[in-house]
Amino acid sequence: MFADKRTYTTLGMLTRLWTLTGKYRMFIILLLFAACLVSLIEVGYLESIRRLVKGATEAQFSLLYSGLIIGVSIVVLRLIVTAFMTRVETLFQQKTLLSVQSLLLSSFSNTETRDLAHYHTGDLTSRVWTSAKEAQKGINQHGIELAKNIIQLILAFAYFSWVNLPLSLAIIAFTLIYPLVTVGLGKRLQIRHDQLNASAASRDEILTEIIQAPVEIRSYGLAGYVHHHFKDRMDQVFRHTMSVSVLQRLSEAAGRVSTYGGMILILYLGGMQVLNGHMDVGGLAAFLVASSQLTRPIESLSGLWNDFIGSASHASRIFEVLDLERKNTVANTSTNTNVRSDTYLVQLEKQSKPAGINVQHVSYRYAEQEEVLTDISFEAKQGKLTVITGPSGCGKTTLLKLIAGLDDTPVTGSIQVMNQKNPLNGVNEVQTAHVNQVYVPQQAFIFTGTVEENIVFGQEGISADQLKVAAHMTLAHDAIMRQSLGYGTELQPQGGTMSGGELQRISLARAMLRNPDILLLDEPTSSQDPWHEQRLNDLFARITADKGTTVIAVTHRLSLIERADQVIYIQKGRVVDTGTHRELLDRPNGYRSYIAEQDTEVEEQHE
């Protein structure tokens, strides 16, 4: 479900970003300490200017020398403190940015697939990279700058009040005109920032599609079409960028008016004090030269508000994803296996090996649509090959994803991992042991990296022999060795020089390397030629018989259906019949005609 965007206020976003800093807040303390040092240094800079200007106008060499010594000392100290702050700021930004990006990536894996389906890949990439970086600036950079300017303003005001209180009050009062102008522009600027981020996300979407589908674009002659649409979206980004820039320039122009007007006010009021004998010319000149140290923090505070608005706009894109409903990871209990449960229930045995999967009265729908699955019940026993088959669109893959836990919110029913030594006897006990369950999708997932990295895929302590055994099991080894660097060959998401069937076998090798207790396969031989298809079918039969692996496969291929210990025949989201292939052929259930259609299609594909 989508989060309520109306809660995304600038202050609310900054507060929430602050909560994400967590253990890195020690960096903020160090940066605030450094900001105090910088502010004190600025006061020393003011005193250096005052002495130099006053000494020059009044021909006092002692003031000139002391001002020079203070000035040189200030420059050295500023270099040291600036180097320290730069190092701390860089570390802080890097760590907090990585923390937010990791949180977003974790959120993707814990969010319902149907909710993420509303977002384009390019948009999600932009949220992880651009929006996370710009949002964190609200705390890492703008927040520290805000604190530094407040401290500097307080110390500068205290210093100028010591020099001349009436002029200090007058210049501050005049400078406050600037924040009044910028606050008025703030609301419109936030709207423009939101529009700019949305148009940039739209641009990234089509850019991602152009990069991912060059062959399709060329073969269909769509180069002009995609170029036109990309240009339109770039024009939208340009228009919104222009709007943001204009509003920001208006804000900056108001700052310049405030600065120039402040200088005129100082000259007027200071001149009156000189004429009345309350101030000398040297003091007025020193105050005028150093007055920017008082007005600059006020202008900077107002300008920072525009920066905060931009960060808040990006933060809203982050929290929109983080606020999506998470998967229900807490198993609930039910007191009767014959009564439907309203939660997805996974029961695990603590000590002994899982025996199989028990699906009871599962119904499922996407959002407010009609039910995709209705009252599905069957049991996949340990060490057996269960095949789920039926016409395209009948809900086979949806059911397999529910079993895999990729979409864990059936309308009703339960999916339970059972144990042979402790089968269900009318009372469901929530069990918590880990089940080594692996799901292999029809489309092989290949990421940028070597063949070896794609098979190992995050596992540690895997030897070269183990890697090759898994590849041999799925008949991927020979295809891998035909590549230029063997297992060290670099692959791209599209697979590079390897065929779809070879990539599918690499995906299966990745699964076999994990020695699963439960193996869930979605059309595992759809990209294979007849010879490799038969050898892979032999593999699935062997791991069930020899290793006791529970295999559940979605397929329409007759060669695998015939080997199944149990066939679940589904039509229009309902289980029509259950049994072996031979048993189903002899029943008046429509299965024979369905198999005849599939057999004809397979023959046509091989011709």
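No lab work stands behind these numbers, since they all come straight from the coordinates. Since the structure is predicted, the reported quantities are computational estimates derived from the model, not experimental observations. So basically every Cβ, Gly included, is an ideal-geometry build from the backbone, and we count neighbours across all protein chains shown.
Taking the stretch 395-415 and a reference point 7 angstrom along Cα→Cβ of Ser377, the backbone N atoms nearer than 17 Å belong to 411-415. Over every Cα atom in the stretch 443-515, the radius of gyration and the widest Cα-Cα span, Dmax, amount to 10.6, 29 Å. For the stretch 27-157, the convex hull spanned by the alpha carbon atoms encloses 123 Å³ per residue. Note on Phe84 and Leu169: the extension gain reaches 27.2 nm, defined as 0.36 nm multiplied by sequence separation minus the Cα-Cα distance. Peptide packing for 516-525, 268-277, 556-565 was compared via the average number of neighbouring C-beta atoms within 10 Å per residue; ordered from the highest value, the list is 516-525, 556-565, 268-277. Subtracting the Cα-Cα distance of Ser73 and Ile154 from 0.36 nm times their residue separation leaves 26.9 nm of extension gain.
For the stretch 443-515, the relative contact order comes to 51 percent (Cα pairs under 8 Å, sequence separation of at least 6). Backbone phi angles across the stretch 32-45, fed through the Karplus curve with coefficients 6.51, -1.76 and 1.60 (θ = phi - 60°), yield HN-Hα couplings of 5, 4, 5, 5, 5, 4, 4, 5, 5, 4, 4, 5, x, 4 Hz in residue order; Gly and Pro are listed as x.
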